[in-house]
Amino acid sequence: MQGFIVSLVIFTSIFAIFGLGLNLQWGFTGLINFGHVAFMAVGAYATVLLSLNGVPLILAALVGGGLAALLGLLIGLSTLRLRADYLAIVTIGVSEMVRLVALNEEWLTRGSFGIQRFPLPLANFSPTLLTRLVMILLVAGVVALGYWRLWKWLRQQVKQAPQSVLTRASLAALGYLTSLSLLLYGGGVAARQLKAANVLPPWLLGVGLLGGLAAIIGLYVWLAQRMSSKMSGWSTGLLLVFTGVLALLGFWILGYALSAIYNYDSNPSKTGLMVISVLLVALTYWGLERLVNSPWGRILKAIREDEEVAKALGKNVFWYKLQSLMLGGLIAGIAGALYAWQLTTVYPDNFQPLVTFNGWTIVVLGGAGSNAGTLLGSAIFWAYQTVTRFILGDIVPLDDARLGAFRIMVIGLLLMVLMIWRPQGILGRKEELTLGR
Amino acid sequence: MVDNAPLDGKGEKVAARIQSMDETLPSVASTPAPAPSLLVAQGLCKSFGGIRAVENASIEVRPGSITGLIGPNGAGKTTLFNLLSNFIRADTGTVVFDGEPIQHLPPHQIAQQGLVRTFQVARVLSRLSVMENMLLAAQRQTGENFWNVWLKPRQSAREERQQREYASEILESVGLTPMAQAYAGALSGGQRKLLEIARAMMVRPKLILLDEPAAGVNPTLINQICEHIQYWNREGMTFLIIEHNMDVIMSLCDRVWVLAEGRNLATGTPAEVQRDPQVLEAYLGQ
Ligand SMILES: Nc1ncnc2c1ncn2[C@@H]1O[C@H](COP(=O)(O)OP(=O)(O)OP(=O)(O)O)[C@@H](O)[C@H]1O
Ligand SMILES: [Mg+2]
């Protein structure tokens, strides 16, 4: 379990970083990048290949990030002067091109055989008790900061509605979420038994499952919409309960993560990677928050809103778009290095367009233009991934490959639900939707 | 309709600040009498496919003046603004601003030189607050440079405070103070127009091109805007204004250029232009 949680934290962190890069480009600058995985691939391959040739890991990862930024520069120079949709098309093309190059240039990347046995960070590191305690403090400190921000944000939400209203709404939301989970859980258990008993033909079970799921989701979406029109403070209550549950889950995971650090030697490379990833998420988040709240970030937002205005006010739009694309690329490149270390083998197939899609899911889930939202989006996304990976196989009568497709289908379904319930994303600002251009 | 009534204190504070914070701004008082033109455009042509929107048009703006640009709908006035600010590249013609040819410069550099344009249909940055819209317009901000965000945070914060103060004063003078923290996208059409003018002022330009500043603004506010334009003008800012509201043109402008079907039709003082039979014909139809 501990190893599993460590790996979950690493994946969440990596995709949080990856998503933060995309959020800078799309959420803040309005650049449509449908090939974000290309930056990740460049970062991953560069890091791995350099470190195999004896370059120190930190340097290798930095060069990997730099090369990814360079790719951003090339893409930007060739397309940013054109209309926005061209960037979307070119980035899809580039990401596939990068993957195909990795697949075919076997002298460099060993093609589909992949690269194995490359150096991993902190793999032979055996920290003393003091070092471990420092690491624990660092990670706990980062998490505490995160909770503090969450707390401040929640309080701000709470202030907007009177307490009695909010209590009522929260209780209703609690009932709503509990009954939903119970229903899903009960349905899952029933389906599992049905599958094990083997009395129904698989297709019938499958249709029944999908129908049942659609019915439950439909019912609850309908309920939520009714409630939001009938009960004041409903969505705030739902948000409160939801984040509360997530926060508790976070505590539980934190416990595992800290105990993993304490028992560092039982799995040095993964634990070390976890610490590095968590710290890098914090660093990236902090840096980006600072940037987007500076005059520099204001120009990016202005470009997102209307680049003609930015030009009319003397801003070099092209140059700022280029910076955004490059910085987002650099961040994704660093995420790529972490990704390679986490996977321990690098295949071209790790960099399918699906990864870009996952990045978009994370950004849209959390709310484009909100860095905290992207972190939350990544957490939810990976919670979903793990839950379904372990549970779905027992319930759904599908083989592994189809199961993968099924999970993506459900993500699509959930995104659709989210777009109905909260089109601005979980942490997005609702007022922004009603604004005229 | 606009009298030169003494202004309230706010406008004067703004003006004082303009002078104290930007020494390069030319002031009427300090400029010698036979000043060279601030803006000279000659032989500008632009056709969109078959339509000749601007054909061999010229215009000249003297420093310290308020110059009007009028003409019937579709005469090519907005297109001329686009050519001057290089938002659309001219087919032929030259534009000299403050002694330097600018027709080859990209739009943002023209704005940096001190020539700012506004849009006929007001364009605001919807998901930024009104205040952020204003702050964006300030020029040469330290924090606009990626590295300075990290290396000079205090200088950047200090400038930000000053700009914020200056922006508040301008917002006050156009009556947008209550909306300062609201999303710009939540403003009404007329308020957007005001924000656009205020934002252009925030650039502290030498010359502002206003495209129909009074369109969709209520009469009392039009008066107020006119007063402020005159006030800012007295403090050294030059204006080139497209306007269909002849009262505004008459009361504000020193000189008026008339455009019809993309060509220069006439130029002169407002009174001269108003008497010109050609102009009357162009406006009233054959
Ligand atoms: N981007 C464009 N593409 C094609 N034709 C255009 C374009 N912009 C302007 N035109 C044409 O150029 C002519 C002049 O348009 P312009 O907008 O400059 O008129 P205007 O003098 O500003 O009119 P108004 O007083 O109504 O604002 C019109 O016939 C218009 O159809
Ligand atoms: Mg026009």
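All of the numbers you see were taken from the coordinates with simple rules; none came from a lab. Predicted model only: the values in this text are computed from it and were never measured. Methodologically, a virtual Cβ is constructed for each residue, glycine included, from the backbone with ideal geometry; neighbour enumeration extends over all protein chains shown.
Run the numbers on region B:12-282 and let me know its relative contact order in percent, using alpha-carbon pairs under 8 Å that are six or more apart.
Taking the mean separation of contacting Cα pairs over the length of region B:12-282, I get 27 percent.
Considering only the protein assembly as shown, what is the antiparallel percent among its DSSP beta bridges, to the nearest 5?
Here the antiparallel bridges make up roughly 55 percent for the protein assembly as shown.
Normalising by the residue count of region A:258-332, find the relative contact order in percent from Cα pairs under 8 Å and 6+ residues apart.
Computed over region A:258-332, the figure is 17 percent.
Give or take rounding to whole Å, what are the principal axis extents of the alpha carbon atoms in region B:12-282, in descending order?
Between the extreme Cα coordinates on each principal axis of region B:12-282 lie 59, 43, 40 Å.
On the principal axes of its Cα set, how long, how wide and how thick is the protein assembly as shown? Give whole Å, largest value first.
The Cα atoms of the protein assembly as shown stretch 98, 63, 55 Å along their principal axes.
Round to the nearest 10 and give me the degree value, 0 to 90, for the angle of helix B:153-173's Cα axis relative to the longest principal axis of chain B.
Approximately 50 degrees, to the nearest 10.
Using the eigenvalues of the Cα gyration tensor, what equivalent ellipsoid semi-axes result for region A:182-276 when each is taken as the square root of five times the eigenvalue, whole Å, largest first?
Whole-Å semi-axes of the equivalent ellipsoid: 36, 27, 10.
Could you give the C-alpha radius of gyration of region A:199-253 expressed as a fraction of 2.2 N^0.38 Å, taking N as the number of residues it contains?
1.66
For region A:97-130 and region A:64-93, what is the separation of their Cα centres, given in Å?
Rounded to whole Å, the Cα centres lie 25 Å apart.
Can you classify region B:71-226 as rounded, prolate or oblate using the Cα gyration tensor, where a ≥ b ≥ c are the square roots of its eigenvalues, rounded means a/c under 1.5, and otherwise it's prolate if a/b beats b/c and oblate if not?
Verdict is oblate for region B:71-226.
Please list B:128-137, A:224-233, A:68-77 highest first by mean number of surrounding beta-carbon atoms within 10 Å per residue.
Averaged packing, sorted descending, gives the order B:128-137, A:68-77, A:224-233.
By Kyte-Doolittle mean hydropathy of at least 1.0 and Cα axial length of at least 27 Å, which whole DSSP H helices of chain A are selected?
Passing helices, by number: A:2-22, A:57-79, A:84-104, A:202-230, A:234-262, A:268-292, A:317-343, A:400-421.
Taking only the Cα atoms of region A:2-432, how large is their convex hull per residue, in Å³?
So the per-residue hull volume is 161 Å³.
Please give the charge dipole size of region A:2-432, origin at the Cα centre, charges +1 on K and R Cβ atoms and -1 on D and E Cβ atoms. Round to the nearest 20 debye.
1020
Kirkwood hydrodynamic radius, region B:165-264, all distinct C-alpha pairs: what's the number in Å?
In region B:165-264 this quantity evaluates to 14.4 Å.
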